[in-house]
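A.B. asks: Have a look at this one before I ask anything.
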């Protein structure tokens, strides 16, 4: 992508920050967030991102231009307050789409957390939805489902091509869930796992996430397209923790808990058909993550 005017919500987040920096090299990129972290804002501005302070939960975009070519909605709220999280994850999305109705495409980053967890079969995009993350984030799954419905409705109402991408365990040099597991291991904290079989997911590296952005936008449509956005390798939480532990010289301690999230594998067939597959092997990606945050440990263990 070159020469486009792009709006990104939540550019300081784990997923959005690498995307914003990558796109800013050849495009006019605007980032909107509350920007409570001055250092994060400065880092983005140094990378060429124009940062504007906007509270998505308020849904007021009147201070922004309307002539963006593409909009990437990558912001997320997990406050646990229903009014705030529904406002930021759902209502604000519709208001943003209305404000940017002339865009060529609107990318809405959803989550595999929208799937109901009745079993351990990989979920296709037609699988049942449900309150997957209730034990940890009581508002998250429901507000993300609500956000998807808003996108679908507004895409049809405005004739705005949209794509809903259900992300499954993003990670990389900017952090992610495996990073937190690594820090827990280093801190001697047991890692909660659900009883029974290993909890399987489809981790996707930030390099693949960044590379797929143009393809995702090209696949936007009216009505909105929905796809799983995930790694093609099914990997359990126990597997990646054990592998990370071998790199940092710490054996993970797993603690069974009925409150731990169950595995949530996703089917990547539709993703491959529409935008292609992933390229980063999960072990290579995890090793790079460890090298970024703890190079001294990686060197000690080889």
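The values are calculated or read from the model by the stated rules, or taken from the named source; none is laboratory data. What you see is a predicted model; the values in this text were computed from it and never measured. For neighbour counting, all protein chains shown are included, and Cβ atoms are generated from backbone atoms with ideal geometry for every residue, glycine included.
A.B. asks: I'd like the full set of residues that are within 14 Å of residue 109 (Cα to Cα) and in a strand (DSSP E or B), limited to region 160-203.
C.D. replies: Matches in region 160-203: 162, 163, 164, 165, 166, 167, 170.
A.B. asks: Quick check: is even one residue across region 62-72 surrounded by 15 or more Cβ atoms within 10 Å (Cβ to Cβ), outside any strand (DSSP E or B) and touching a helix residue (DSSP H, G or I) at 6+ places or on another chain (Cβ under 6 Å)?
C.D. replies: Looking for residues that are surrounded by 15 or more Cβ atoms within 10 Å (Cβ to Cβ), outside any strand (DSSP E or B) and touching a helix residue (DSSP H, G or I) at 6+ places or on another chain (Cβ under 6 Å), one finds none in region 62-72, hence no.
A.B. asks: Name every residue in region 13-48 that is surrounded by fewer than 22 Cβ atoms within 10 Å (Cβ to Cβ), part of a loop (DSSP other than H, G, I, E, B) and either touching a strand residue (DSSP E or B) at 6+ places or on another chain (Cβ under 6 Å) or modelled with pLDDT under 95 (or both), in order of residue number.
C.D. replies: 13, 14, 27, 34, 35, 36, 37
A.B. asks: Additional query: Please work out if residue 231 is at pLDDT 95 or above, assigned to a loop (DSSP other than H, G, I, E, B), over 30 Å from residue 100 (Cα atoms) and in contact with a strand residue (DSSP E or B) (Cβ under 6 Å, 6 or more places away or on another chain).
C.D. replies: So residue 231 passes the test.
Let's see how each residue does on (1) in contact with a helix residue (DSSP H, G or I) (Cβ under 9 Å, 6 or more places away or on another chain); (2) modelled with pLDDT under 95; (3) surrounded by fewer than 14 Cβ atoms within 10 Å (Cβ to Cβ); (4) in a helix (DSSP H, G or I):
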{"residue": "223", "(1), (2), (3), (4)": "yes, no, yes, no"}
{"residue": "239", "(1), (2), (3), (4)": "yes, no, no, yes"}
{"residue": "252", "(1), (2), (3), (4)": "yes, no, no, no"}
{"residue": "258", "(1), (2), (3), (4)": "no, yes, yes, no"}
{"residue": "262", "(1), (2), (3), (4)": "no, yes, no, no"}
{"residue": "271", "(1), (2), (3), (4)": "yes, no, no, yes"}
{"residue": "285", "(1), (2), (3), (4)": "yes, no, no, yes"}
{"residue": "289", "(1), (2), (3), (4)": "yes, no, no, yes"}
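A.B. asks: Applying the selection to region 86-105, what residues are in contact with a helix residue (DSSP H, G or I) (Cβ under 6 Å, 6 or more places away or on another chain), within 21 Å of residue 226 (Cβ to Cβ) and buried (at least 16 other Cβ atoms within 10 Å of the Cβ)? Talk me through it step by step, then tell me what you get.
C.D. replies: Of region 86-105, the ones in contact with a helix residue (DSSP H, G or I) (Cβ under 6 Å, 6 or more places away or on another chain) are 86-90, 92-94, 97, 101, 105.
Restricting the remaining residues to those that are within 21 Å of residue 226 (Cβ to Cβ) gives 86, 88-90, 92-94, 97, 101, 105.
If the condition is that a residue be in contact with a helix residue (DSSP H, G or I) (Cβ under 6 Å, 6 or more places away or on another chain), within 21 Å of residue 226 (Cβ to Cβ) and buried (at least 16 other Cβ atoms within 10 Å of the Cβ), then 86, 88, 89, 90, 92, 93, 94, 97, 105 are the ones that fit.
A.B. asks: Listed residues 88, 103, 57; which is on the phi < 0 side of the Ramachandran plot, assigned to a loop (DSSP other than H, G, I, E, B) and touching a residue at least 12 places away in the same chain (Cβ under 8 Å)?
C.D. replies: Step by step, each of 88, 103, 57 is checked, and only 103 is on the phi < 0 side of the Ramachandran plot, assigned to a loop (DSSP other than H, G, I, E, B) and touching a residue at least 12 places away in the same chain (Cβ under 8 Å).
A.B. asks: Quickly run through region 76-85 and pick out the residues that are in contact with a helix residue (DSSP H, G or I) (Cβ under 7 Å, 6 or more places away or on another chain) and either surrounded by 20 or more Cβ atoms within 10 Å (Cβ to Cβ) or assigned to a helix (DSSP H, G or I) (or both).
C.D. replies: Across region 76-85, the qualifying residues are 76, 77, 84, 85.
A.B. asks: Checking the structure you have, find out if any residue of region 185-200 is out of contact with any strand residue (DSSP E or B) (no Cβ under 6 Å at 6 or more places or on another chain), more than 23 Å from residue 268 (Cα to Cα) and surrounded by 19 or more Cβ atoms within 10 Å (Cβ to Cβ).
C.D. replies: Within region 185-200 (the criterion being out of contact with any strand residue (DSSP E or B) (no Cβ under 6 Å at 6 or more places or on another chain), more than 23 Å from residue 268 (Cα to Cα) and surrounded by 19 or more Cβ atoms within 10 Å (Cβ to Cβ)), the answer is yes, since at least one residue qualifies.
A.B. asks: Would you call residue 157 within 16 Å of residue 77 (Cβ to Cβ) and assigned to a helix (DSSP H, G or I)? If you could, list the steps in order and put the result at the bottom.
C.D. replies: Details: within 16 Å of residue 77 (Cβ to Cβ): no; assigned to a helix (DSSP H, G or I): yes.
Against the criterion (within 16 Å of residue 77 (Cβ to Cβ) and assigned to a helix (DSSP H, G or I)), residue 157 does not qualify.
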